[in-house]
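Colleague: Below: one structure in structure tokens.
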Amino acid sequence: MARSIVSTQSKISKKVFFCAFNRSLNTAASSPAAAFTAAATSPPPPIDLTDSPATPTVDFTDTRTLFGSLSTSELLRAAANLHVAAIGPVVDVGMRVMNSKLMDVEVIRDVVLGTVKHTFYRHFCAGEDDAAVAKTVRRLHDAGLRSMLDYALEYADDEASCDRNLDGFLRTIEATRSLPPGSASFVVTKVSAICPLRLLERVSDLLRWQQKNPSFNLPWKLKTLPIFSESSPLYHTLEQPKPLTHEEEKSLQMSHERLMKICQSCVEANVPLAIDAEHTKVQPAIDYFTYSAAIIHNKDHNPIVYGTIQAYLKDAKDRLLLVTKEAAKMKVPLGIKLVRGAYMSSESKLASSLGFESPIHNTIQDTHFCYNTCASFLLDNIAKGSSGAILATHNVESGKLAASKAYEIGIGKMKQKLEFAQLYGMSEALSFGLRNAGFQVSKYMPFGPVDMVMPYLLRRAEENRGLLSASNLDRQLMRKELGRRMKEYFR
């Protein structure tokens, strides 16, 4: 996939996870050494949701079941990488080095990228080339997890870059055909990789101005779903923007055609497309692209195009309600990926610089409440009809709450419409716990050449410092499992 692409550039119900963490691996080691080094090559069989115990329990203590599909070497590497990533200054140093002139010195650049490749890159990325990515996908598939393939491209500046990026996304979609059926749950794309960033800003300004003044005419606008709610921030656009020029309209049409090619390729490959959310400065245009594509391609109770709602935004719930209502009215199957959000620092800084209140919830508790409320709403919609949802979360309580609700309303029998997701290399305990409970679980996997992917990962790391430092549960459980294996080794 990658090398060939490079050239083209609260109260929680105890019904959750019944037996999820207390089933044996049904494996036997032939020697003490084997007991320490061996790991299950396949996950325990999925649980039959129709025969759930009357009094299920949530148990994180059975690390053998949680990490049974990870070898000891994988577990050691994961624990070490998470420990280092949780040290705040590491991100700061990494950003300084990657953005410094030192990277212009070939020897230093090779040393830095070589070190990164065998540590953080290996932990958080799927690989560089076709063979490496396919191997990672198959390994996860054998462990009972699926893969969301994210060719790590963003922020194109011109049409030529957009065309190269399009080719990369199309190659990624085509590559899913050679993977085990169902192992690639989604292909991920960013609109900023196929539409020049400046044009996204211009379109967003015009959409915001039309929201302020409904009579404002946008002759190029296609049929779409609601992009704003009454609570949506409009401070980015304080003056009436100029209409798109002829060249800008032509560029907009070309960008739309690129997205249509990606969508059609996904339809033909039978793999859904998840379109990432980005900064609020350009998110209106991204939603416009996403929803106009969904109207065209989401048919027959089968969402192909999934948009993204960021629950840390104050208007998230209102926008979700409006989009869902209009999609139902238009009989368009709706696919939504729910995340908390990854641009907290930059969003708050931008709002403050313009003299406005941050669009981000005032407290983390408010964000948690919004996420859980939106997740519950999405689960209800899945139970009622043709909607699909990706619940992307690293928060254990949110995961348990959503799983509990899914059981209660019988979504287990419609699990193809529900996907839990975590970043590759993060929240392993939650991923394996949900897997053991019988849910479909994906790992969001960026991939591509080290020098291309690392700036992308460092930006994400800078925005997700709290997430990295909050990986304490995984680290604790991994240490516990390593200790258990060590005891078996010396027994």
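The values are calculated or read from the model by the stated rules, or taken from the named source; none is laboratory data. This structure is a prediction, so every number in the text was calculated from the model and none was measured. Note: ideal-geometry Cβ built from the backbone for every residue, glycine included; neighbour counts use all protein chains shown. The accessibility values were calculated without ligands, DNA or RNA, using every heavy atom of the protein model including side chains. Shrake-Rupley method; radii C 1.70, N 1.55, O 1.52, S 1.80 Å.
Colleague: Quick one: is His118 in a helix (DSSP H, G or I) and surrounded by fewer than 14 Cβ atoms within 10 Å (Cβ to Cβ)? Quick ask: steps written out before the conclusion?
Modeller: Working: in a helix (DSSP H, G or I): yes; surrounded by fewer than 14 Cβ atoms within 10 Å (Cβ to Cβ): yes.
Yes.
Colleague: Look at segment 300-312 and say how many of its residues are surrounded by 17 or more Cβ atoms within 10 Å (Cβ to Cβ) and part of a strand (DSSP E or B).
Modeller: Here is the first cut: in segment 300-312, the residues surrounded by 17 or more Cβ atoms within 10 Å (Cβ to Cβ) are 303-312.
Retained after the next criterion (residues that are part of a strand (DSSP E or B)): 305-310.
Of the residues in that region, 6 qualify.
Colleague: Condition check: surrounded by fewer than 17 Cβ atoms within 10 Å (Cβ to Cβ) and modelled with pLDDT of 95 or more. Does Asp163 satisfy that? Steps first, answer last, please.
Modeller: Working: surrounded by fewer than 17 Cβ atoms within 10 Å (Cβ to Cβ): yes; modelled with pLDDT of 95 or more: yes.
So Asp163 fits the description; yes.
Colleague: Mind listing whichever residues of segment 390-413 are crowded, with 19+ Cβ neighbours inside 10 Å, charged (D, E, K, R) and farther than 23 Å from Asn302 by Cα?
Modeller: Lys400
Colleague: Consider Gly168 against the criteria (1) buried (at least 18 other Cβ atoms within 10 Å of the Cβ); (2) modelled with pLDDT of 95 or more; (3) in contact with a Phe, Trp or Tyr (Cβ under 7 Å, 6 or more places away or on another chain); (4) in a helix (DSSP H, G or I): it satisfies all of them except one. Which criterion is unmet?
Modeller: Every condition holds for Gly168 apart from (2).
Yes/no per residue for (1) open to solvent by 50 Å² or more (accessible area, probe 1.4 Å); (2) in contact with a strand residue (DSSP E or B) (Cβ under 9 Å, 6 or more places away or on another chain):
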{"residue": "Thr280", "(1), (2)": "no, yes"}
{"residue": "Gln283", "(1), (2)": "no, yes"}
{"residue": "Ser348", "(1), (2)": "no, yes"}
{"residue": "Glu357", "(1), (2)": "yes, no"}
{"residue": "Asn362", "(1), (2)": "yes, no"}
{"residue": "Thr373", "(1), (2)": "no, no"}
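Colleague: Mind checking which residues of segment 70-112 are open to solvent by less than 50 Å² (accessible area, probe 1.4 Å), modelled with pLDDT under 75 and outside any helix (DSSP H, G or I)?
Modeller: Ala86
Colleague: Looking at the structure I just gave you, is Leu222 open to solvent by 40 Å² or more (accessible area, probe 1.4 Å) and more than 19 Å from Ile336 (Cβ to Cβ)? Break it down stepwise before answering.
Modeller: Working: open to solvent by 40 Å² or more (accessible area, probe 1.4 Å): yes; more than 19 Å from Ile336 (Cβ to Cβ): yes.
Yes; evaluated as a whole, the condition is true for this residue.
Colleague: Please give the number of the condition Pro226 fails out of (1) in contact with an Asp or Glu (Cβ under 7 Å, 6 or more places away or on another chain); (2) not in a loop (DSSP other than H, G, I, E, B).
Modeller: Single failed check for Pro226: (2).
Colleague: Is there a residue in segment 250-271 that is open to solvent by 20 Å² or more (accessible area, probe 1.4 Å), touching a strand residue (DSSP E or B) at 6+ places or on another chain (Cβ under 6 Å) and over 20 Å from Glu159 (Cα atoms)?
Modeller: No: segment 250-271 contains no residue that is open to solvent by 20 Å² or more (accessible area, probe 1.4 Å), touching a strand residue (DSSP E or B) at 6+ places or on another chain (Cβ under 6 Å) and over 20 Å from Glu159 (Cα atoms).
Colleague: Select from segment 171-187 the residues that are crowded, with 22+ Cβ neighbours inside 10 Å and aliphatic (A, V, I, L, M) and write down the one among them that is nearest to the chain's Cα centre (by Cα). Quick ask: steps written out before the conclusion?
Modeller: So the first thing to find is which residues in segment 171-187 are crowded, with 22+ Cβ neighbours inside 10 Å, and the list is 172-173, 175-176, 184-187.
If we keep only those that are aliphatic (A, V, I, L, M) as well, we get 173, 175, 184, 187.
Values: Ile173: 17, Ala175: 19, Ala184: 13, Val187: 10 Å.
If we take residues in segment 171-187 being crowded, with 22+ Cβ neighbours inside 10 Å and aliphatic (A, V, I, L, M), then Val187 is nearest to the chain's Cα centre (by Cα).
Colleague: Next question, about the same structure. Return the total of residues in segment 146-159 being modelled with pLDDT under 95, outside any loop (DSSP other than H, G, I, E, B) and open to solvent by 10 Å² or more (accessible area, probe 1.4 Å).
Modeller: Qualifying residue count for the region: 0.
Colleague: Yes or no: His297 open to solvent by 10 Å² or more (accessible area, probe 1.4 Å), touching a Leu at 6+ places or on another chain (Cβ under 9 Å) and either charged (D, E, K, R) or within 20 Å of Trp209 (Cα to Cα) (or both)?
Modeller: Details: open to solvent by 10 Å² or more (accessible area, probe 1.4 Å): yes; touching a Leu at 6+ places or on another chain (Cβ under 9 Å): yes; either charged (D, E, K, R) or within 20 Å of Trp209 (Cα to Cα) (or both): no.
No; evaluated as a whole, the condition is false for this residue.
Colleague: Quick one: Ala294 ticks every box in (1) modelled with pLDDT under 95; (2) of a type outside the set (Asp, Glu); (3) outside any loop (DSSP other than H, G, I, E, B) bar one, so which box is it?
Modeller: The single condition Ala294 does not satisfy is (1).
Colleague: Test each condition in (1) more than 25 Å from the chain's Cα centre (by Cα); (2) on the phi > 0 side of the Ramachandran plot for Asn270 and report the one that comes out false.
Modeller: For Asn270, the exception is condition (1).
The rows are residues; the columns are (1) assigned to a helix (DSSP H, G or I); (2) of a type outside the set (A, V, I, L, M, F, W, C).
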position: His394; (1), (2): no, yes
position: Glu397; (1), (2): yes, yes
position: Lys400; (1), (2): yes, yes
position: Gln416; (1), (2): yes, yes
position: Gly425; (1), (2): no, yes
position: Arg435; (1), (2): yes, yes
position: Phe439; (1), (2): no, no
position: Val453; (1), (2): yes, no
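Colleague: Okay, next question. Have a look at Leu378, Leu434 and point out the one that is closer than 28 Å to Arg64 by Cα and open to solvent by less than 20 Å² (accessible area, probe 1.4 Å). Don't jump to the end; show me each part of the working.
Modeller: Details: Leu378 fails: closer than 28 Å to Arg64 by Cα.
Leu434 is the lone residue from the list that is closer than 28 Å to Arg64 by Cα and open to solvent by less than 20 Å² (accessible area, probe 1.4 Å).
Colleague: Name every residue in segment 218-238 that is more than 31 Å from the chain's Cα centre (by Cα) and at pLDDT 95 or above, in order of residue number.
Modeller: Passing the criteria: Leu218, Pro219.
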